[in-house]
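Before any comments, here is the structure.
Computed from the coordinates by the stated procedures, all read-outs in this text should not be read as laboratory data. Predicted model, so just to flag it, every value in this text is computed and none were measured. In this analysis, Cβ positions are derived from the backbone assuming ideal geometry, glycine residues included, and neighbour counts consider all displayed protein chains.
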Amino acid sequence: MIPRGAALLGLLACAAAAWAQAPTPEETSAAIEMSRKVALDYARSLPDFICTQLVDRYVDFDHSTQRVSWRWVDTLTIKLSYFDQREDHTLF
């Protein structure tokens, strides 16, 4: 069995190590800026396209029990287009 003092000391050492590894505000800002740049570059690289998207919708009508009983309600047909880095959805 580990003495209480040793266990507490170990816990404090782990907490200190975790605290020391927290990123600085500058590192956090740099990571956010890099993520933003990668996302924008990816969006700029996407080709223009048109497609049809089908969305099946389900509802759990029985809220009185713990059992989930999903039932199909309908299917949406959506025209999805992407032109000049803009996305548009039109319900058919």
Would you calculate the separation in nanometres between label points at Leu54 and Phe92, each defined as 7 Å from the Cα along the Cα-to-beta-carbon direction?
1.0
Report the gain in length on full extension from Ala13 to Asp84: 0.36 nm times residue separation, minus Cα-Cα distance, nm rounded to one decimal.
20.2 nm
Apply the Karplus parameterisation 6.51 cos²θ - 1.76 cosθ + 1.60, with θ equal to phi minus 60°, to every residue of the stretch 29-34 and state each ³J(HN,Hα) to the nearest whole Hz, in sequence, with x for glycine and proline.
4, 5, 5, 5, 5, 5
Per the rule of 0.36 nm per residue minus the C-alpha distance, extending Ser35 to Ser69 adds in nm 8.3 nm
Across the stretch 66-83, in residue order, what do the Karplus-derived ³J(HN,Hα) couplings come to in whole Hz, using 6.51 cos²θ - 1.76 cosθ + 1.60 with θ = phi - 60° and x for Gly and Pro?
6, 7, 8, 10, 5, 10, 5, 10, 6, 10, 8, 10, 10, 8, 10, 10, 9, 9
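Give, as a single signed number, the net charge of other residues whose beta carbon lies under 10 Å from the beta carbon of Gln85, with Lys and Arg counted +1 and Asp and Glu -1. Don't jump to the answer; show the numbers that get you there.
Working: positive: Arg44, Arg86; negative: Asp48, Asp84, Glu87.
Result for the local shell: -1.
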